[in-house]
Structures are given as C-alpha cells and as structure tokens.
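**Q** Could you have a look at this structure, given as structure tokens, before my questions?
What follows is calculated from the coordinates using simple rules that are stated; it is not laboratory data. This structure is a prediction, so every number in the text was calculated from the model and none was measured. Cβ: placed from backbone, ideal geometry, glycine included. Neighbour counts: every protein chain shown.
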C-alpha cells in the first residue's frame, strides 16, 4: 500500500420520495434532533478528513431541502455537491457515479444510504481500506435469529443455514472505475433488478469482499426507526479506559526490521519467535489492557510453533476483535519507539496507514513517535529496540 491514500469520494443516495415511510416529507429530510436526517449523514462523512468529495443524489423536487440539510451538516461547501437522481436506486447510483466521472474522479468511492445517519469514523475507515485491499467490499453483520423459508401458503418450508448468511449494510466501497463500468454494463443490458451495488458488481465479474459492519448504522425505514434514531443520539453513560503496553527486542543477524507492520531495510533484524515487531507487540498489550484480557504472551505463546515467524498484524487484529467483542470502540492509539537506528520518520505514514486499517482509525488517531536513548543503556548501545503504546477505548 502506498503511503498516501488515493482520492476518496462518497455518493449519498437520497433521491427517494419516502413512500414506505409515509408523510409528505421524505425520511431523509425529516427532523432528527433538530436537524434533517441527511444533515447527520453528511456530517458523519464530513468528519473523516480522508473523504474529499461528498456527492448527494437527490430528487429535484427537494433541492431546497437538500440545501438546508447541507448547511445544517456543518461540512464545508467545497466538499459537497449534488446531482439529480433517477426512478430507481440503481439508476440514482449510476447517475451519481457519472457525475463523479464528469469531475475526472479516480480513486475509491463509497456508496451510502442517506437514511443511515450514524456511520462512524471506524466503519468508514474500514470501508476505505477494504476497497483498497479488495477492490469491492461491503459491511456485514451476523444473523442472530433462526430464519425460515415459506411455501406459497405461508407455511414453514425450511430453515436456511444462518451461519452462511449475513445482513448487508452501507457504505459499500469500490474502486471507482470498475463499479462505474459495471453500472454502465447493466444499463446497456437493460438490467434494473439489483437491490444494491455489491450484487450488481458481483453480477459483472467482480469479487466482493466483506468487512465488519456496525449495528448503529441501521436504516430509517418506518416511523419507529426515527424514534430509535432519536434515542441513539441521547448521550448514554459511558466510560473511557486507557491501556498501556511495553515491549523490547534485541537485535540479531538479519537485513530488515519490522516496525509498526512495515518492513524497514537495516543491517540487522529484531530477535523473536514471530516477526518481533516490537511496536505492534506493545500496542497489542495496550489494547488487551483496556479489557483486562492478559497480554500477548498469553494468547500467542512463543512455545507455540504456529506463531513462529508470524506477522504481528495477526496479533493486532485479534486484540482489536477482542476489544470490539467486549463492547469497546477504539478511540485512538499513541506509540513511542525508542531506538538509535533505524530512522523511523520516513516510514511513519505507512505505519499509521497499516495500524489505522487494522483498528479502523484515521491516521490522525494513530500517533507514532520515535526517540533515541541518548546513547545510554542497552538501547543506547544499539543492542535492541523498545516501544511504549497507549490505547484509549470507549465503552
């Protein structure tokens, strides 16, 4: 992955007239905590600095409503834009993509429902990195309830295996030109039966990966959902926990050092059972500390041959999963590397990108600092590298 992200754009689908919701005002323009629902949606994406363009597809009858929502969102006007939608969601998305193409856009595009106002920075970051890694990806959630298939009379006919089923959300994320081409192919073939962009992309040969969704990103479909959204915005009693991690590894013969998930050419390597990434090891312990779940050695003991030479990214992914399953949301991490060499500065953006991808954080929430030990102690003598890490997690 390159150190810098490509351009990121969002297409917000808001051209519906809200027939299922009822009432004269479409759901995306209904008031939610004093602002239109769409204003909350725009604000969620506007809060992510990596998102450079937010294009909303609207019905022309509601241009004034869109303008009010855009103003209420607080997002800078030069990041926002709109275009007219079509008779179906599929057509509206295609028109939004064509509008971006007219702006010579080339990067990653997220496609999101206007009536899902609570997309978090973590979810948006996961969507961006999933598209970069796979080309096309969707957020999914497990199915908790038993499912039933019915016969023509409405009687039970069978039970699908819920283990292979998932609930699909937005934002769905794609490399721009492949998904635009898929929409153009569907138009040329007269196909208008796709319920989302992932199924359309898959129908035209694109493999669609999945990433972890978010229960908070529910879709406002009926009146009761609006009340649920109001409750979601009421601040609940929460706490923030802080965990700290420390690790140290000595040097051994080699030709590169792994730090922060980045391979740095050097005259030696760090000694360890895995790839000895001292920074990620410290970060794993910091995350585990927020949920009182032991340390890296407990979960990945060096006596276990499965982890010999393993990339420490696996350990970080496991720690992040444990935090999420405990109900935590990682807010930010801050790390300090103590080493005489190699130089860390040139590799800082790549470290921030990798850690951010794993933890669902924007680079601004991943602190990477480095210092020497002023020639004192084992680090000062060039015998190894140490690292400290602090993680903040909201519950």
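**Q** Percent of alpha carbon pairs in the stretch 244-305 separated by more than 17 Å?
**A** 42
**Q** Going highest first, how would you order 222-229, 83-90, 123-130 by mean Cβ packing within 10 Å?
**A** Ranked by mean Cβ neighbours within 10 Å, highest first: 123-130, 83-90, 222-229.
**Q** Give me the distance between the Cα centres of the stretch 253-284 and the stretch 368-395, rounded to whole Å.
**A** That distance is 13 Å.
**Q** Could you work out how far the C-alpha centroid of the stretch 22-41 sits from that of the stretch 158-178, in angstrom?
**A** Cα centres, the stretch 22-41 to the stretch 158-178: 26 Å.
**Q** I want to verify the translational diffusion coefficient of the stretch 1-96 in µm²/s; compute it with Stokes-Einstein, Rh as the Kirkwood radius over Cα pairs, at 4 °C and 1.567 mPa s.
**A** Reported coefficient: 94 µm²/s.
**Q** Moving on to the next point. Suppose R0 equals 41 Å. What FRET efficiency, 1/(1 + (r/R0)^6) with r the Cβ-Cβ distance, do residue 343 and residue 104 give to the nearest 0.05?
**A** The formula returns an efficiency of 0.65 here.
**Q** At a 10 angstrom cut-off on C-beta neighbours, averaged per residue, how do the peptides 285-293, 167-175, 307-315 rank from highest to lowest?
**A** Per-residue mean Cβ counts within 10 Å order the peptides as 167-175, 285-293, 307-315.
**Q** For helix 348-359, report the angle its Cα long axis makes with the longest principal axis of the Cα atoms of the chain; keep it between 0 and 90° and round to the nearest 10°.
**A** 60
**Q** If each DSSP helix of 4+ residues adds -39,500 (n - 2.57) and the sum is divided by the residues in the chain, what number results at 222 nm, nearest 500 deg cm²/dmol?
**A** Rounded to the nearest 500, the figure is -9500 deg cm²/dmol.
**Q** Please report the antiparallel percentage of DSSP beta bridges with both residues in the chain, rounded to the nearest 5.
**A** About 60 percent, rounded to the nearest 5.
**Q** Right, another one. Which label marks the calculated value of semi-axes √(5λ) of the Cα gyration tensor in Å, given the options (i) 29, 26, 24; (ii) 37, 25, 20; (iii) 42, 23, 21?
**A** The value matching this structure is (iii).
**Q** Using Cα-only point scatterers and the Debye equation, what is log10 of I(q)/I(0) for the stretch 44-137 at each q in 0.12, 0.19 Å⁻¹, rounded to two decimals?
**A** Debye output, listed in q order: -0.39, -1.03.
**Q** Compute a Gaussian network model of the chain, connecting alpha carbons closer than 10 Å, and tell me which residue from 149, 120, 192 fluctuates the most.
**A** 149
**Q** Let me ask another. From zero up to wherever the largest Cα-Cα distance of the stretch 240-394 sits, split into 10 Å bins and tell me the percent of pairs in each.
**A** Reading the bins upward from 0: 12, 44, 34, 9, 0.
**Q** Okay, moving on. Figure the gain on full extension for residue 256 and residue 157 (residue separation times 0.36 nm, minus the Cα-Cα span) and round it to one decimal in nm.
**A** Separation in residues times 0.36 nm, less the Cα-Cα distance, equals 29.7 nm.
**Q** Could I have the simple spin-label model distance between residue 373 and residue 33, label points 7 Å from Cα toward Cβ, reported in nm to one decimal?
**A** Label-label distance for residue 373 and residue 33, simple model: 4.7 nm.
**Q** May I pose another question? Divide the volume of the convex hull of the Cα atoms of the stretch 344-393 by its number of residues and quote the answer in cubic angstrom per residue.
**A** 96
**Q** Something else about it: At 1.306 mPa s and 10 °C, plugging the Kirkwood radius over alpha-carbon pairs of the stretch 90-159 into Stokes-Einstein gives what diffusion coefficient in µm²/s?
**A** Result for D is 101 µm²/s.
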